[in-house]
Amino acid sequence: MEPTNYELITKKLSGQITPDEDLELSKWLEDKDHQREFEQLAKIWKDSNIAPLKREYNTSAAWAKVEGAIHPGTHQANARIRPMRWKFAAAAAILVLLAGAAWWMMESPSHPHGLKELAANDGKIRALQLDDQSKVTLRPGSSLKYSDNYEGNKRVVNLLGEAYFEITTDASRPFLVKTPDNAVVEVLGTSFVVETSDSSTIVVVTEGKVKLSKNGDEEGVILTSGRKGIIKNGSISAIDNDNPNFLAWKTGTLQFNDQTLVDIVPQLADFYGKEIRIDESYRNVAAKQKATISFRGQSCDVALHELQLLLGFKYRQEGDTIVISQ
């Protein structure tokens, strides 16, 4: 097994793996031998009661230290590390060492800028209070890079995925959220949601005022409470927020008021993380069927069954997709 995979396994077992890293590890695990090795390491990790660290850490930087200790003198830019062929017990010891070194890296004053990452990769919402008392709530599958000590006169974080921000007012230090598509959300003190992807950024303001711009340019849009800003394909627009369930992932409640089935289905799919589609032969009817209903705590199947009783459609499972039809 190559050292890189030890790093990814450590992140996976400690709940710190990012979505891209999780995908990389999943591909590696497609090999049955790799899957078997992972399962044995996971069992050793669990049986050893290796508790997740309370503080988030930089496993990549930590691995460099572990790697240097294991292979002294080979830490050159173009050096290739030979495959490790240790027994599983020794491999588990490396995982422990990596986790411990990662913790030390984050606690060490020499760690550059104290950069940390919080990832919500265990299917649960993660919450964080920053040093300025601002609060960030991460949707499952999202991650946030931040620093204990903001640089200069700005408070900057980097978001991948979706999060709800409650920002402490500090007129002397604007709060900036940077996204993968190079959008920048600037705020002095407010509450808002940011949803990111590689090609777009969506911001919905619940309180206060924010500025949404591309690459931090002077030109942008000012968003106030109830407004939604969108950056897509380089263009910026602002509209009234038309989705009352934009915070459903945080509140746990879906509410529909006289909405069509065509409008309801995408929100159900997003909330439950399922692939749900309406059969083309049924779309015209579904566009006219309306429902007033709310869901809290129900499973996806129960929610669909309640809608089925109300509107009279049928649904079936086709592979990973749920198909709604007449």
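What the table shows:
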{"quantity": "For the stretch 292-317 versus the stretch 212-241, the gap between their alpha-carbon centres in whole angstrom", "calculated": "35"}
{"quantity": "Where labels lie 7 Å past Cα in the beta-carbon direction, separation of A269 and D198 in nm", "calculated": "2.0"}
{"quantity": "Label-to-label distance, nm, for residues given as N243 and L115 (7 Å Cα→Cβ offset)", "calculated": "3.0"}
{"quantity": "The stretch 117-240 - charge dipole about Cα centre, Lys and Arg +1 at Cβ, Asp and Glu -1, debye rounded to 20", "calculated": "180"}
{"quantity": "Candidate lysines for bridging to K43, where Cα separation is under 18 Å - those fewer than 8 sequence places away on the same chain excluded", "calculated": "K11, K12, K32, K87"}
{"quantity": "Cross-link reach list, lysines versus K288, counting only Cα pairs under 22 Å and skipping chain neighbours closer than eight places", "calculated": "K314"}
{"quantity": "Sites S325 and E24, calculated FRET efficiency, Cβ-Cβ separation with R0 51 Å, nearest 0.05", "calculated": "0.85"}
{"quantity": "Zone of N233's modelled label, taken as backbone nitrogen in the stretch 157-185 under 19 Å from a point 7 Å along Cα→Cβ", "calculated": "181-183"}
{"quantity": "Proximal lysines to K232, defined as alpha-carbon separation beneath 25 angstrom and excluding residues fewer than eight positions away on the same chain", "calculated": "K145, K178, K209, K211, K214, K250, K274"}
{"quantity": "Per residue, the convex hull volume that the Cα atoms of the stretch 145-274 enclose (Å³)", "calculated": "122"}
{"quantity": "Label point distance in nm, Q129-K288, each placed 7 Å from Cα along Cα→Cβ", "calculated": "5.5"}
{"quantity": "Taking all pairs of distinct alpha-carbon atoms in the stretch 248-325, Kirkwood radius in angstrom", "calculated": "12.6"}
{"quantity": "Over the stretch 185-248: Kirkwood hydrodynamic radius from C-alpha pairwise inverse distances, Å", "calculated": "11.7"}
{"quantity": "Full-extension gain in nm, E218 to N182, via 0.36 nm per residue minus C-alpha separation", "calculated": "11.6 nm"}
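FYI, it's all coordinate maths here, none of it is from the lab. Just so it is clear, the model here is predicted, and its values are computed rather than measured. A quick note on method: Cβ atoms are made from the backbone with ideal geometry, for glycine too, and the neighbour counts reach across all protein chains shown.
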